[in-house]
1. Restricting attention to the range 318-369, which residues are of a type in the set (Val, Ile, Thr) and either within 20 Å of Gln131 (Cβ to Cβ) or buried (at least 19 other Cβ atoms within 10 Å of the Cβ) (or both)?
2. Determine which member of the set Ala108, Ala44, Ala7 is within 24 Å of Asn129 (Cα to Cα) and not in a helix (DSSP H, G or I).
3. Of all the residues that make up the range 66-111, how many are touching a residue at least 40 places away in the same chain (Cβ under 8 Å) and either not assigned by TED's automatic domain parsing to the domain that holds Ala12 or not small (Gly, Ala, Ser) (or both)?
4. It is to be established whether one or more residues within the range 165-182 are closer than 25 Å to Asp97 by Cα, surrounded by fewer than 17 Cβ atoms within 10 Å (Cβ to Cβ) and of a type in the set (Val, Ile, Thr).
5. Any residue in the range 217-233 that's at pLDDT 90 or above: show its pairings with residues that are surrounded by 17 or more Cβ atoms within 10 Å (Cβ to Cβ) and not in a loop (DSSP other than H, G, I, E, B) at Cβ separation under 6 Å, as long as the two are six or more apart or on different chains.
6. Mind checking which residues of the range 239-296 are touching a Ser or Thr at 6+ places or on another chain (Cβ under 9 Å), small (Gly, Ala, Ser) and either free of Cβ contacts under 8 Å to residues at least 12 places away in the same chain or crowded, with 18+ Cβ neighbours inside 10 Å (or both)?
7. For the condition part of a strand (DSSP E or B) and in the same structural domain as Ser197 (by TED's automatic domain parsing), what is the one hit in Val305, Val299?
Amino acid sequence: MQIFEVADKKSANEFLDVARVIYAQDNEWVCPLDNDIRAVFSPAKNTFFNHGEATRWVLKDDNGKLIGRIAAFINEKKANYGDKRIGGIGFFESIEDYDAAKLLFDTAMDWLKERKVNTVDGPINFGENDQYWGLLVEGFTSPSYGMAYNAPYYQKFFEDYGFQVKMEQMTNKFYLKEGLSPRFVKIANYIVERKPSITTEPFDPKRIDKYAEDFMAIYNAAWAEFENFTPIKKDYVLETFEKMKPVLDPKLVQFAYVNGEPASFVLSLPDVNQIFKRFKGKLNLINKIRFLMLKRKNVIDRVRVVVMGTHPKFQGIGLESVVTYKSFEYCFNETPLNEVELSWVGDFNDKMIAIHKGLGAVPSKKHITYRYELN
């Protein structure tokens, strides 16, 4: 076997092609857009390079056939936590051969050791955790846009190497046509009727700057209590909203305010993977035209709830019910969307787990984020 660090256009393309080789016979797999993966490793497009570094490797057999890949990265803003110096691995793919997997892991670990890392999380993304995060261990069905998908045998590779479970990430789902939980609807309506200080509004692309500010204020306050959290900046939020513009339905992004103060939000996206599955990772001009045509034909019937959050100052009054109800009410009345995927909630997040249960959602998928101690 031969392992090569990605150093030019040819090897960068091979890094992308590894996944196409591994999943050539897997009908559930949806090839991520090549441009999305390239952007993760582009200093010009990924702001995490402002305070970190990343690299990639491609593995070939003795005949030059692609058989694996892996990436390693370190985010200096989140690396140092107590006595730990944390790095990450991700975008792992391998044929069903543990020797190949071990060589990939060893290579990434050596690179991280050179940077004084003693704790490794994986598989994760060199970015926020809303995309390509965690190892799929249950629910091997077609992934929605941005959700990680992998072969079932990867779990044994990670655990045989010595990775331990850091957290489980649960994804739940329900179907709008079956109706929302009556209790959930009752609570949402009661809150709005009894508290005139609460107002809601959908995202308006023409006022993107305002909503970036509101999103940032809520998000940074809501996640501040979690381990090793680093506040997001407005530039990153604006960059994210701009990337989402081609697929975003403004009414699926709802904000709640209390006396005009940003209090809660939910951000959902139509599952464009139901269209992208046809493109095999290529979003060229022809496929862009095909995308617009297929989108108008309403072939998308699944929506993914990417993230929701409530400012701690306003938690406990049911704002999550209000914003999700507004979003789902729109889906039910004005779109062909039916399946709602609530992704993903960590096993540590009791509040969000309770919200999922209140909606009547049932388990759909499970991912695991692993941790490996280099000591």
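1. Hits for the range 318-369 are Val322, Val323, Thr324, Val340, Val345, Ile355, Ile368, Thr369.
2. Testing whether each residue is within 24 Å of Asn129 (Cα to Cα) and not in a helix (DSSP H, G or I) leaves just Ala44.
3. The total comes to 24.
4. yes
5. Hits for this filter: Ala217/Pro262; Ile218/Pro262; Ile218/Phe265; Ile218/Gly309; Tyr219/Gly309.
6. Answer for the range 239-296, where residues must be touching a Ser or Thr at 6+ places or on another chain (Cβ under 9 Å), small (Gly, Ala, Ser) and either free of Cβ contacts under 8 Å to residues at least 12 places away in the same chain or crowded, with 18+ Cβ neighbours inside 10 Å (or both): Ala256, Ala263, Ser264, Ser268.
7. When all the criteria are applied, what remains is Val305.
Matching residues to (1) in a helix (DSSP H, G or I); (2) modelled with pLDDT of 85 or more; (3) not assigned by TED's automatic domain parsing to the domain that holds Ser142:
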{"position": "Ser327", "(1), (2), (3)": "yes, yes, yes"}
{"position": "Tyr330", "(1), (2), (3)": "yes, yes, yes"}
{"position": "Leu337", "(1), (2), (3)": "no, yes, yes"}
{"position": "Val340", "(1), (2), (3)": "no, yes, yes"}
{"position": "Met352", "(1), (2), (3)": "yes, no, yes"}
{"position": "Tyr372", "(1), (2), (3)": "no, yes, yes"}
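The values are calculated or read from the model by the stated rules, or taken from the named source; none is laboratory data. Please read all numbers here as calculations on a predicted model, not as lab measurements. Cβ atoms come from the backbone with ideal geometry, glycine included; neighbour counts cover every protein chain shown.
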